[in-house]
């Protein structure tokens, strides 16, 4: 289908060249360092896994490697996402001022940024055991293919969740050189979480996505979107309860899940009228959801230490 002609947010004159300051700002926006929500959504499952794998005392060197890897791979993912969406972003109100849409950064430059950041992240992983290095290859593949999935499936969020959640088995492998069964349940919970928050995110762009032919769970779920998001929230919390029980966690961990459950209810309230601005606030609120789970886990290990699983 042909895309409609829509005026971009800040079109540049064809003969103008961006200044150095504009170029640097464009690179910051390309990798979304000005919008760190994606870093947090990727970081929280990594920290959950690191604390569980390390029984509340993960090696700080490993923690720092994972945090740096989160920032690098999320940034790399944004660059390849904008490359994949370069023909669509200019036709969506929320994305029409992205650097590629404005022509400040070329598609080739976006791919180069993705490759360089991925290689730096891979270099960090080389400091860990060989099993974790092998798992990191899967992470790069998932980060590469996710942005293109919205062309072919209404469930691109499954690929996003797998990409964001793959840090969970990597964390267990890095610390324990093994991946226990409950770690895979935690990975599955992270995938479900991505379905939740990225559906809320897709509800923001639903009208534009319908117009230009992009697929998403928000479009697929239609008028059942709130119900399905609610059921997924219950499923995720149930999985996290199972993980806590399997890991021998106590009251503080489950109190953290209680706070997370209240935040899930708040998100339902925000999206009740499907207002795009409120749906975006609901999406952002997932940062506090992930934080609540992590703080509950940290406090629980402080008051109820345990031997590594």
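Filtered by the rule that a residue be part of a helix (DSSP H, G or I) and more than 15 Å from residue 78 (Cβ to Cβ), region 106-119 gives 108, 119.
Of all residues in region 226-240, those satisfying the criterion of being surrounded by 15 or more Cβ atoms within 10 Å (Cβ to Cβ) and either over 19 Å from residue 49 (Cα atoms) or more than 21 Å from the chain's Cα centre (by Cα) (or both) are 226, 228, 229, 230, 232, 233.
At least 2 residues being modelled with pLDDT of 95 or more is the threshold, and among the helices (runs of 4 or more DSSP H) wholly inside region 201-309 those reaching it are 225-246, 251-270, 276-303. Please specify each residue of region 123-167 satisfying the condition of being touching a residue at least 24 places away in the same chain (Cβ under 8 Å), outside any helix (DSSP H, G or I) and either farther than 24 Å from residue 50 by Cβ or more than 12 Å from the chain's Cα centre (by Cα) (or both). Within region 123-167, 127, 128, 129, 152, 153, 154, 155 qualify.
The values are calculated or read from the model by the stated rules, or taken from the named source; none is laboratory data. All figures in this text were calculated on a predicted structure; none of them were measured in a lab. Glycine also receives a Cβ, built like all others from the backbone with ideal geometry; neighbour counts cover every protein chain displayed.
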